[in-house]
Amino acid sequence: MKKFINNVDDFLKESLNGFGKAHSDIIRVNFEPNFISRKTKTKEGKVSLISGGGSGHEPMHGGFVGHGMLDAACPGFVFSAPTPDQMQAAAENVDSGAGVLFIVKNYSGDIMNFQMGAEMYSGKNDNIITNDDVAVEDSTFTTGRRGVAATVLVEKIVGSLAESGGSLEECKKLGEKVNKNSGTMGVAFTSCTVPAAGKPTFDIGNDEMEFGVGIHGEPGRKREKIQPSKTIVNNMLEAILDDLKPQKNEKTLLFINGMGGTPLTELYLVYDDACEILKSKGIEITRSLVGNYCTSLEMQGASITLLKCDEEILKNWDAPVHTAAMRWGM
Amino acid sequence: MSVNFLISQAKNIQIVINENAAEIEALDQNIGDGDHIFNVQRGLKLVVELENDIKNLPLQKGLNMIAMKVLSGIGGSSGALFGTFFMSMAKTPDLDGNIDFNKACEMVITGINAMKERGKADVGEKTMMDVLIPVSEKLNELKSGNTDMNEGLSEIIKIAEDRMLATKDMLATKGRASFLGERAKGHIDPGARSSQLIIDTICKSLINK
């Protein structure tokens, strides 16, 4: 394992320390229990958005704390759900009285810990569960689909509504719409190494890719030989379009997300391929996002998220945001 | 059962889990994401380290402190589930007096029921509940019956092992492995394996005592 580490047990603490120092104009980091909150108090009457999850997906979620997005984020150990006391403390810290909306990715550990945190918090609260990963079959009998990169879009869009005075119910409703309107498909070329493990999570050949990979290096639909980008992108988009079934000329946001180890140069190439393929299918791309937003440590690979946009979604997407990882309009 | 009993069990379990850590990690890498073993190890370490703080406390208080430590110190599914287990054990009525075998069974049953509720997983879903639920059912039988305790403990060891092995051919419907579909088949569930090792260690330490 080659990583910037002093001591495996201090990995998270030291990384959070650095994050706090680097972005002291926007956020502050609280330790024991760990949470990241905005530097300024939530204004009265504004719904507070709190997300969280295992670490290793940076900038998600701490990088999205700030004006127009989250009020707080609770980082767990690498790839492990955070603990209920973190969510309780974060909620008590940021709630201005208008209630707390927890944004939770659909994994058993996250669901259970957020649920317990919500039970321990006495204030008004509700939650949104994201499950945009089309690689996994959905079913009411199972854990269902994973929450992946569309969580970033949910946090941005709902964050804007909360900022402009949306109620807890309205925020939840919009979040659920964004989640339902999105589909994501990921591909990995390499594995990733969890610091505590010290070795890669899975083995993969030099000429292989994992199609439908999760954001923790969990296996996906199938293992395949690597192909030209156009073919990979086409297969990814087909899986998404199969699920999302957009109308002809429907407006969409196209989000190419890096898994951490793939250079932006390649992500833009993927964006180009995706544009061409979507254009040929009569799907209109009206907004874009390209970069490393929902990563899996140093994994090489990318995910594509397509979000069907209506006026409400577009308006809230365009609204100003100022966080460590996303900033425009202010 | 006493706080000291819990601590000494945690120490025994820690040794066994550490001995089998590589196997559990490998199972989790096959069908999960590899964090289970680290969470279990971290949890055991935290409980063992609590010794000086809790060794003189009454059982209920000790259990609650263990629950809070586990809940806030582990994370992931294991933290929520084992935290729930200890928290619920502490809620079993009449913990002030002497805890005999029947009372201890009742406590464990209460804890496992709460885990089942929290995780919304039942038998047959390729999780740790595949081991824990049948064990809890057997404890319920033992509690109300006249079976010899040593015999009962041996039966539990056998049940835990059989049920752990049975997860190998299951399709997972809950937890991280559920995302794999058919590809999860052929691998024992790591949570079922760690739970089985815990039960095995406790039962073996009690036989002929």
**Report entry** Compactness of the stretch A:182-316 - radius of gyration and Dmax, Cα, Å
**Finding:** 15.0, 48
Query raised in the report: Setting aside same-chain residues fewer than 8 positions from A:Lys43, which aspartates and glutamates have a Cα under 12 Å from its Cα?
Result: A:Asp71, A:Asp95, A:Glu163
Report task. Give me a single rounded figure for A:218-228: the average over its residues of other chain Cβ atoms within 10 Å of their Cβ. Result -> 3
Requested in this report: List, largest first, the extents of the alpha carbons of the protein assembly as shown along their principal axes, each in whole Å.
Outcome: 74, 53, 43
Report summary line: Each residue of A:112-122 has, on average, a number of other protein chain C-beta atoms within 10 Å of its C-beta equal to 3
Requested in this report: Kindly point out which whole DSSP H helices in chain B project their C-alpha atoms 18 angstrom or further along the helix axis while averaging a Kyte-Doolittle hydropathy of 1.0 or above.
Outcome: B:76-90
Report task. Mind counting lysine pairs for me in the stretch A:183-287? Cα separation below 29 Å, and the two need to be 8 or more apart along the chain or on different chains. Result -> 20
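Which whole number gives the average, over all residues in A:69-79, of C-beta atoms from other chains lying within 10 Å of the residue C-beta? Please report the intermediate quantities before stating the final value.
Values: counts 0, 0, 0, 0, 0, 1, 1, 6, 9, 5, 8.
Other-chain Cβ atoms within 10 Å of each residue's Cβ, averaged: 3.
With contacts defined as alpha carbon pairs under 8 Å and 6 or more residues apart, what's the relative contact order of the stretch B:3-206 in percent?
23
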Query - MRE, 222 nm, helices only [DSSP H, n ≥ 4, -39500 (n - 2.57), over chain A, to nearest 500] - result: -10000 deg cm²/dmol
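If R0 is 45 Å, what FRET efficiency do you get for B:Lys185 and B:Ser205 from their C-beta distance, rounded to 0.05?
0.85
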Requested in this report: Treat each spin label as a single point 7 Å out from the Cα along the C-beta direction, and report the A:Lys13 to B:Asp122 distance in nm.
Outcome: 4.5
Report summary line: As a Kirkwood estimate from alpha-carbon pairs, the stretch B:3-206 has a hydrodynamic radius in angstrom of 17.1
Query raised in the report: So how far, in whole Å, is the C-alpha centre of the stretch A:229-300 from the one of the stretch A:3-52?
Result: 30
Query raised in the report: Using alpha-carbon pairs under 8 Å, 6+ residues apart, how would you state the relative contact order of chain A in percent?
Result: 18
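Please compute the net charge surrounding B:Ile133, taking Lys and Arg as +1 and Asp and Glu as -1 over other residues with Cβ under 9 Å from its Cβ. Kindly include the intermediate steps, with their values, before the conclusion.
On the way: positive: B:Lys116, B:Arg163; negative: B:Asp122, B:Asp130, B:Glu137.
Around B:Ile133, the charge tally is -1.
Any read-out appearing in this document is the output of simple, stated calculations on the displayed coordinates, not a laboratory observation. Worth saying up front: this structure is predicted, and the values here are computed from it rather than measured. Cβ sites come from the backbone with ideal geometry, for glycine too, and all protein chains shown count toward neighbours.
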